[in-house]
Amino acid sequence: MQTSTFIDQPIKKAESRAKYYFRKFFQRKTAVIAAVIILIFLFFAIFGPQIAPFDPSLPDYDNLYGAPDAVHWFGTDEFGRDVLSRLLVGTRNSLGVSLASVLIGAAIGTFLGVLAGYYGGIIDSIVMRGSDILFAMPDILLAIAIVAIIGPGIINVVIAVAVFTIPSFARIMRSATLSVKSSLYVEAARSIGCKNSRILWVHIFPSTVQSMIVNFTMRIGTAILAAASLSFLGYGAKVDEPDWGAMLSSGRNYLDIAPHLVYFPGLLIFIAVLAFNLLGDGLRDTLDPKLK
Amino acid sequence: MYKRKILFVFIFLTVFAFAAQGLLTVSAQSDNAAKAPDQDLVIAFNNDIRALDPHNVSDTLTISATRTMYESLVKFNEKQEIVPLLAESYEISDDGMTYTFHLRSGVLFHDGTEFNSDAVKANIDRCKDESLRQNRIVKQIANAEYPDPYTVILTLAKPNNTFLNKMTMFDFIAPATIAAGEEKILREPCGTGPYTFKDRVEGDHVTVVPFEKYWDGAPQVASLTFKAVPEDGARVAMLQTGEADYIYPMPTTQIKVVEGKKDILIDAKTSNIMRYVTLNTELEQLKDKRVRQAINYAVDKDAYIKTVFNGYASKVYSCYPETIQYYAPQPPYDFNLEKAKALMKEAGAENGFKLTIWGDNITSEEKGMQFIQQQLKQIGIDVDVMPMEANVVAEKIQAERDKAEVNMWYVNWSASSFDADGAIRAILHGESIPPGQYNSAYYNNEEVNKLMDEALAITDPKILQEKYARIQEIVWDDAPWIFLASDQVISGYKSYCSGIQLYPDGAIDCSKAKLN
Amino acid sequence: MGRYFVKRVLGTIPLLLVISFLIFMFIHLIPGDPVRNMAGREATTEELENLRESMGFNKPLYQQYFSYLNDLVHGDLGISYKTKLPVSEMMIGRLKPTLKLTFFATLWSTIVGIAIGVLSAVNRGKLIDYLGMLIAISGISIPGFWLGLVMIQIFSVKLGWVPTGGLDTWRSYILPSITLGCGIMAILARFSRSSMLDSLGEDYVRTARAKGQRERLVILRHAFRNSLVQVVTVIGLQIGGLLAGSVLIETVFTIPGLGRLLVDSLAFRDYKVVQALLLFFSFEYILINLIVDLLYGVLNPRIRLK
């Protein structure tokens, strides 16, 4: 059982394991930097309104589309509002929506996927046909449909993005479970008479964690972009509150005359997604039991 | 090693970002001599063309396309006057009941048959079908007589001063095509217009070519293509690369980009579009006229035009723009916060209140709603901006009266036939209160209703001017809306294009188009 | 295998029936009234009512569903409210550009994505790995619509190398396929890298190495083949996603494809077109899934088909 993971170890041992993982994680400098960047974003998300140099919603009709200068470092937008302040304050909305929706989607999707993969049969059919139906609709359209039915608003956008996150987790976790299911240690566990639920959550689930982490980090990026696409199509969380996706989408109309309106929110989205991906890679390498 | 990697990330990011920005801001002036590369005129629009049935069109773009192939008895000229087209002349009886049209002779349909009173009859008969949009015109006709091939006498059921305006929208299809059914009309349009149908790729383009036997001289271009290009940026890019010779609408934000270029010209005109925000007069907070006037004073119209339209809109001094008949300017609600606050206080609303504003979920509308939100904040009104898909807004507006949730609706109206009745009836008449029509201010002024109904039966322009002026005066003072502005219709085109007429409703007349 | 295939294909019929019902309910339950869009804003209440009656919207919903189903069984998808053309004709016209676009995007992104993934895995921790993953991460981090607009600005407007859009020449497809394929390329690169790493750590690869086989052969024959399982899943999953991506890309590049038709029709509440398109997408997706499932068995003998 050497290749199983830390979750099924006694608590005392887990502490030392945690230390080991920390040490291992800190060896990966890119992941650490990514983590630091994410921490900075989290800091913005919490203290954004306090550190913003200007009121993010204060218009200045005499300074529309202002290019970056000493006063407005990132320029001003179509209402003369300070772009830097809006980006800082908007961090909360942007990260909040994507994190919340991926968490919800991942939890449901993973649960369903592992169940389907392990038990097969009727459960598998129901889960997989269900996700087939969800999956058969183009993501964005599904999100639009959900927002159209339940109405606009930040919680509804979270639900919409979460719903189309579910099938991807379900499918990937199912296939991961399938490939683990036929592996030696699971067969061994089964042969010594372990209960299904124990095999499922103690032996199979932990070894699918790495697949989940890779998918999870990627889905956060996807979720940020999905929220931006929803804004692009006019179904964003809130137009009057600062939000990276909304800023990028409205900025596209001014690409020629005020590229900074597209450039800065785009870059921030880019860095955020990059950071999550690098962190995910770092975690994967750290947690991957086979590479110890 | 790791340091190198990190360095690499930042080099990559920086190079990528600056390369992109650099390329964008370096304005590569095109030195194209202002000479047309070919004789194929391409006009790029923001929407797809719908069904090519001239008796069933409702959107300006499709009308622009069908108008290249079809004509009406009378039309608007560029000064918004009604002038003869397929009719050489017309008379209206004094009681406003009988319209006599003398048809032009020698006009041919694309299939070679002659345009005459039989053709008029075939078209009027077709539009007796209630599911066709132009039934609204034919429905008004009580009796049609065709005494000779070049005379048509139409008698109305009751007098209606907008009848002639509506006749500018009534196009004529060749009788043989009508007889062959709708399928034929859609696939092989056949009218008397300057162009004949060539091909259509649904969702992409419609192409027409000059009709050699056109009565007023065939157009000089080799072909004319209407292309659907919904994305603003892409449309402007096509104009710059020359893939399109003429684009409409030209987005106001991008005018700066092409302004300095010598091969691109901009045509901006006052439109028939009225921009306003309906204020639900049945709502507790908005019941008081003084509050509604305060709101009008609190909105800086100059800043609105500058911010939302980049300067390309006109101020309005009435409930409809000056391109519409019988326009009567009123004393403006100039931006005045002191006055606004005083009025709010008078009405006992100095502490402000909360309102929602609805509107379509497209960028320009969202921008306008946010502007209103910013402005009303100044007098203590807290506005929640709620953009929704157009269909959803429409459905919510059409709620039963006792279940109405609308506070403010950011919207616009354009009277397609430029008549005063069309500019106000559906949005200000007491009978137009939803569900049904669009009077979402729930504005119901007995005098206004009465004046509107009386005016319909009057043909004397002088009395009409008085009646409509009085309506505008009352509505302006009652302030059931925030009166914002009137859009300008703007097109962008290559300097080698000429003779293309842009009308205030955004329709484009290509009959005299030339590529030099 | 053959029986399994037949069973799965037959199994899609009730699924499609359920989907057709869901789609019908969805489109009729969301707010909106196609009659208002058809008649235009100036239409009177009476005109709207006439049109509603003549379109059959006043019948009960279940009757409308059954008549839709009846038409469907007879191969009639109906007439578009917006253009009055047969829906099937419109779809065929729109299918070509979307298929071409999807094909080119899938082609280049699969080749490039897998190449980057394998190279990165083999050269784990070296600069080439780093570079590959950076490209991959950039690919998924860039909003497609933004990339499209920027590329139009650079390559069409400023440099004049390719048209801004449309579908007139093969060159028109270059920018949109690049934009559309970016995401898949990135995802494939990442997945093929991680699954390659997994395979490279497996016992049979170690065994092969220990037996003294050439490194390239080990990688291609053993590691790569086994990592294909996950990669195929991902490609399958992503092709469905391409259609969603193409909604935005087709708008930006002015391509009259299925994606744009869907969004425009939804905005118009052109029920017949939306129903037909969603059903088509569902069918297409189920088909791809079926193929993916079958390939599973072929590529990974450890999973046996029932």
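The numbers here are math on the coordinates, done by the rules we state, and not lab data. Just so it is clear, the structure is predicted and the values come from calculations on it, not from any experiment. Positions of Cβ are generated from backbone atoms using ideal geometry, with glycine treated the same way; all protein chains shown enter the neighbour counts.
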(request) List, in order, the whole-Hz ³J(HN,Hα) value for each residue of the range A:260-273 obtained from phi through the Karplus relation with A = 6.51, B = -1.76, C = 1.60 and θ = phi - 60°; use x for Gly and Pro. (result) 5, 6, 9, 5, 5, x, x, 5, 5, 4, 4, 5, 4, 5
(request) Could I get the Rg over Rh figure for the range B:270-489? Both from C-alpha atoms, Rh via Kirkwood, rounded to two places. (result) 0.94
(message) If you filter the range B:203-252 for GluC sites (Glu not before Pro), then keep DSSP loop positions with at most 11 other Cβ within 10 Å, what is left?
(response) B:GLU212
(request) In whole angstrom, note down how far apart the Cα centers of the range C:75-135 and the range B:54-102 are. (result) 49 Å
(message) Working only with C-alpha atoms, what are the Rg and Dmax values of the protein assembly as shown, expressed in angstrom?
(response) 32.0, 108
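Just add up the charged neighbours of C:PRO34: K/R +1, D/E -1, any other residue whose Cβ is under 10 Å from the Cβ of C:PRO34.
Value of the local net charge: +3.
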(message) Run lengths n ≥ 4 of DSSP H only: what is the helix-derived mean residue ellipticity at 222 nm for chain B, with -39500 (n - 2.57) per run over all residues, to the nearest 500?
(response) -9500 deg cm²/dmol
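Please arrange B:TRP476, C:TRP161, B:TRP481 by counting, for each residue, the other beta carbons lying within 10 Å of its beta carbon, fewest first.
Numbers: B:TRP476 22, C:TRP161 11, B:TRP481 27.
Arranged by neighbour count, lowest to highest, B:TRP476, C:TRP161, B:TRP481 become C:TRP161, B:TRP476, B:TRP481.
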(request) Could you tell me what fraction of 2.2 N^0.38 Å the Cα radius of gyration of the range B:55-168 comes to, as a two-decimal ratio? (result) 1.04
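Which order do C:MET185, C:MET38 fall in if you start with the one that has the fewest other Cβ atoms within 10 Å?
Numbers: C:MET185 28, C:MET38 24.
Listed from fewest to most nearby Cβ atoms, that is C:MET38, C:MET185.
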(message) Beyond a 31 Å Cα-Cα separation, which of these cross-linked pairs lie in this structure: B:LYS512/C:LYS96; B:LYS75/B:LYS301; B:LYS184/B:LYS227; B:LYS256/B:LYS396; B:LYS354/B:LYS396?
(response) B:LYS512/C:LYS96; B:LYS75/B:LYS301; B:LYS256/B:LYS396
(request) Give me the angle, in degrees from 0 to 90, between the Cα long axis of helix C:258-268 and the longest principal axis of the Cα atoms of chain C, rounded to the nearest 10. (result) 30 degrees
(request) State the antiparallel share, in %, of DSSP beta bridges confined to the range B:270-489, rounding to the nearest 5. (result) 60 percent
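Quick test of the membrane-span-like rule: which DSSP H helices of chain B reach at least 18 Å along their long axis (C-alpha atoms) with mean Kyte hydropathy at least 1.0?
Working: long enough: B:2-25 (34 Å, 1.38); B:363-376 (20 Å, -0.99); B:461-478 (25 Å, -0.77).
Sorted by number, the helices that extend far enough and score high enough are B:2-25.
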(request) Rounded to the nearest 500, what is the 222 nm mean residue ellipticity of chain C from helices alone, with -39500 (n - 2.57) per DSSP H run of 4+ residues and division by all residues? (result) -24500 deg cm²/dmol
(message) Can you tell me which of C:ASN37, C:ASN50, C:ASN70 moves the most in a GNM of chain C? Springs connect C-alpha atoms under 10 Å apart.
(response) C:ASN50
(request) Give me the distance between the Cα centres of the range A:163-212 and the range A:238-263, rounded to whole Å. (result) 43 Å
(request) Step through the table entries B:LYS315/B:LYS341; B:LYS367/C:LYS272; B:LYS128/B:LYS158; B:LYS79/B:LYS514; B:LYS139/B:LYS269; B:LYS166/B:LYS450, compare each Cα-Cα distance with 26 Å, and write down the pairs that go over it. (result) B:LYS367/C:LYS272; B:LYS139/B:LYS269
(request) Could you run the Karplus curve 6.51 cos²θ - 1.76 cosθ + 1.60 with θ = phi - 60° over the range B:43-56 and give me ³J(HN,Hα) per residue in whole Hz, x for Gly and Pro? (result) 10, 9, 10, 8, 9, 6, 7, 8, 4, 7, 10, x, 8, 9
(request) Could I get the Rg over Rh figure for chain C? Both from C-alpha atoms, Rh via Kirkwood, rounded to two places. (result) 1.07
(request) Rounded to the nearest Å, what's the spacing between the alpha carbon centres of the range C:20-37 and the range A:53-94? Just the number, please. (result) 41 Å
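Test of understanding: ordering B:SER486, B:SER89 by Cβ neighbours within 10 Å, fewest first, what list do you get?
Working: B:SER486 27, B:SER89 11.
Starting with the residue having the fewest Cβ neighbours, the order is B:SER89, B:SER486.
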